[in-house]
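What follows draws every value from the coordinates through simple rules; no lab data is involved. Please read all numbers here as calculations on a predicted model, not as lab measurements. Because the Cβ atoms are built from the backbone with ideal geometry, glycine has one as well, and the counts that use them run over all protein chains shown.
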2 protein chains.
Amino acid sequence: MKIVVDAMGGDFAPQNVIAGVVEAIKEFDVTIVLVGIEPRIQEELKKHSYPADRIEIVHAPEVVEMHEPATTVIRQKKNSSITIGVNLLKEKKCDAFISAGNTGACVAAATFILGLIKGVDRPGIGCILPSLLEPTFIIDMGANTAAKPEHLLQYAKMAKAYAQTVLGRPQPKIALLNIGEEESKGTGLEKEAHKLLEENEAAFIGNMEANEIYTGKADCIVCDGYVGNITLKVSEGLVESIGKLVKREIKKNPIAILGALLLKSSMKDARKSVDYSEYGGAPLLGVDGLVLISHGRSSPKAIKNAIRAAKREIDHNLLSKLKSEMAA
Amino acid sequence: MKIVVDAMGGDFAPQNVIAGVVEAIKEFDVTIVLVGIEPRIQEELKKHSYPADRIEIVHAPEVVEMHEPATTVIRQKKNSSITIGVNLLKEKKCDAFISAGNTGACVAAATFILGLIKGVDRPGIGCILPSLLEPTFIIDMGANTAAKPEHLLQYAKMAKAYAQTVLGRPQPKIALLNIGEEESKGTGLEKEAHKLLEENEAAFIGNMEANEIYTGKADCIVCDGYVGNITLKVSEGLVESIGKLVKREIKKNPIAILGALLLKSSMKDARKSVDYSEYGGAPLLGVDGLVLISHGRSSPKAIKNAIRAAKREIDHNLLSKLKSEMAA
């Protein structure tokens, strides 16, 4: 099994990427192809000890910056780590591609180079969110910020295949994110999508309000990419702010500091369930290949977990499952 | 000062509403007009002791259910507590109207009966959110789920007036919620709104990603009502789920239980800053009268705080400030 990792992707590349890759090959039975500026990769690799036969390097002279417009990247940076990495996947020289780099560029490159699965009009970024019960799979997190009702139906079908295959849920429940439970709620998009889902997807359980996302009531949630992106980032920001707020309050009071020390291990477990880096890369579903997008701020642990997530997708034959679901 | 309160509004009406009203009149110098089914109000009032001259009752034979479509309410329930209450405001028999009932019906009744302020095309629901610095005012939370760019500019102007008047911020900073900081980000709505705001509002500081909402970086945030509603509900659900998760982890470990006890007072302070009921009612801005909408699940404390918020709006002449801002 061979996974290509974009060595230049993310706010802390190549350091965090390479540290994560080294952790991963020690833990999982995978070979990693690092794509990026070779001298920088070599230099970074020197800081680690690892089984040398499990890492390959493919040189890519160009780097896509985090905020470059995706269209420019596709047209002008044909030798970037993203483009060359996705091409390795296209040529079947590897089984999956992971990048913590420019999300828009990854989506564009994957769509353009790999093409779409038959039955899919727009790819979507999925994400595994923690919940009070089992983790919930939500799609789209921002690949498609002008979704049409039929895209949401396609996301529902792909989410179902993902949940069945990778998450091991034989009968996943799928909900549509909306501002009210009644089918009359939402904008034109949600009203039409509700109708389409009800008519075409037996696993559809109806609308779900945003305050229920983290309850675990649904296995899969579908939404437009703009709304999904906001949902994810609000959650991320809120968890961070609550953490800071709690620390600030605790520091004011010595008894509270003692209390916090006694709580430490329990809090570690609780934090683990809401830590995005535990879930690693977000799958880009709908393109004809396994592509995972990691958070720009990915820690080495997040990169390692993205590799674990990619391995799981390969192990479970996700791509062929997605294809047969969309052909049905 | 006279404030009309919808006695029948909310999931726990009239109990919570009346309990909150009784708390409020003991604390603030206001007279409350309770509008709703008189015998039920009388019966509920019997459970409390309070200065009788500070509560008046206006009978309204009809009740709007929480999920009735707003248009039906306006056409068919002309004697509901919402309609009669808003009419009291229209006839200048009181200074503000508060309801924890059907939000859509409140928005529709207020718009239809009171009319809009000159310069406003669609009303918006504002909300005060806690942050690591000062509370942030965000608008729209769901009155207008198909906002146009010019609506977002109007929301920005009204938010500025609110922040200056009620929150005491002479020079508020206004941000546009978006999925990226660059002006090229977002859907057509955000791109055009960004341009309009930049050209017409000196207090505009640019786009803000959703993970920064709770940092306090902006005093006011504007967004489409669909996105605002999702933002608010994700936050609410996440805080609730984290609370449950933390409790569950603590219960597993006796040392952690002790730690939690020592932390109790600090956590109470932290929780207070993220508790919606501390902020009470959400102002409906743009209609020609002071209308506040409370959460359907409002506790007595939330109702009391909504009355405090209404009093503050009256004290600061919010309505005339909004009118002069929109006329400028």
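Quick notes on this structure:
- Peptide A:289-301 is shielded by partner chain Cβ atoms: per residue, an average of 0 of them sit within 10 Å of its Cβ.
- By the Cα gyration tensor, chain B has an equivalent ellipsoid whose semi-axes, rounded to whole angstrom, run 31, 28, 18 from largest to smallest.
- Cross-link pairs beyond the 26 Å C-alpha cut-off, checked among A:Lys173/B:Lys252; A:Lys233/B:Lys173; A:Lys148/A:Lys311; A:Lys233/B:Lys244; A:Lys268/B:Lys264; A:Lys244/B:Lys251: A:Lys173/B:Lys252; A:Lys148/A:Lys311
- Dipole axis of the protein assembly as shown (+1 Lys, Arg; -1 Asp, Glu on Cβ), positive-most option in A:Ser320, A:Ala24, B:Ser80: A:Ala24
- R0 of 30 Å, Cβ-Cβ distance A:Lys251-B:Glu134: FRET efficiency to nearest 0.05: 0.90
- Inter-label distance for A:Asp29 and B:Thr71, nm, one decimal - labels placed 7 Å from Cα along Cα-to-Cβ: 6.2
- For segment B:44-60, Karplus couplings with θ = phi - 60° (6.51, -1.76, 1.60), whole Hz, Gly/Pro x: 5, 5, 4, 6, 10, 10, 6, x, 5, 6, 9, 10, 10, 10, 10, 6, 9
- Cα gyration tensor, segment A:95-198 - rounded (a/c under 1.5), prolate or oblate: oblate
- Computed [θ] at 222 nm, helices only, for chain B once each DSSP H run of length n ≥ 4 contributes -39500 (n - 2.57): -15000 deg cm²/dmol
- Chain lengthening between A:Arg40 and A:Ser320 when straightened (0.36 nm per residue, less Cα-Cα): 97.2 nm
- When each of the peptides B:31-37, A:67-73 is scored by the mean number of other C-beta atoms lying within 10 Å of its residues, the order from highest to lowest reads B:31-37, A:67-73.
- Hypothetical label at B:Ser265: residues of segment A:240-258 whose amide nitrogen lies under 20 Å (7 Å Cα-Cβ projection): A:245-258
- Zone of B:His59's modelled label, taken as backbone nitrogen in segment B:1-17 under 17 Å from a point 7 Å along Cα→Cβ: B:7-8
- Across the copies of the chain, B:Ala327 has label points (7 Å from Cα along Cα→Cβ) spaced 7.0 nm apart, shortest distance listed first.
- Kirkwood-Stokes translational diffusion coefficient of segment B:212-328, alpha-carbon pairs, 25 °C, 0.890 mPa s, µm²/s: 143
- Averaging 1/r over every pair of different alpha carbons in segment B:1-105 and inverting the result gives a Kirkwood radius of 13.6 Å.
- Calculated label separations, B:Glu43, copies of the chain, 7 Å along the beta-carbon direction, nm: 7.9
- Across the protein assembly as shown, Cα-Cα pairs more than 44 Å apart make up 26 percent of the total.
- Between B:Lys90, B:Lys252, B:Lys148, the residue with the greatest mean-square fluctuation in the GNM of chain B (Cα pairs under 10 Å linked by springs) is B:Lys252.
- Note on segment B:175-261: Cα convex hull, mean projected area over all directions, 7.3 nm².
- Largest-first principal axis extents, alpha carbons of segment A:121-278, Å: 59, 31, 27
- Of the trypsin sites (Lys or Arg not before Pro) in segment B:120-218, those whose Cβ has at most 12 other Cβ within 10 Å and which sit in DSSP loop: none
- Around the Cα centre of the protein assembly as shown, unit charges on the Cβ atoms of Lys, Arg, Asp and Glu (plus for the first two, minus for the last two) sum to a dipole of about 1440 debye.
- For B:Ile221, distant residues with modelled amide H under 5 Å away: B:Phe137, B:Ile138, B:Ile139, B:Ala175
- Inter-chain neighbour count for B:179-192: the average number of beta-carbon atoms from partner chains within 10 Å of each residue's beta-carbon is 3.
- Loop sites in segment B:1-103: GluC sites (Glu not before Pro), DSSP, at most 11 other Cβ within 10 Å: B:Glu91
- Lys/Arg +1, Asp/Glu -1 at C-beta; segment B:124-277 dipole; positive extreme among B:Ala202, B:Gln171, B:Val246: B:Val246
- Label-point spacing for B:Asn79 across the identical copies (point 7 Å from Cα in the Cβ direction), in nm and ascending order: 8.3.
- Inter-chain shielding of A:223-230 (mean C-beta neighbours from other protein chains, 10 Å cut-off): 6
- Nearest-20 debye value, segment B:124-277 charge dipole, Cβ charges on Lys, Arg, Asp, Glu: 1000
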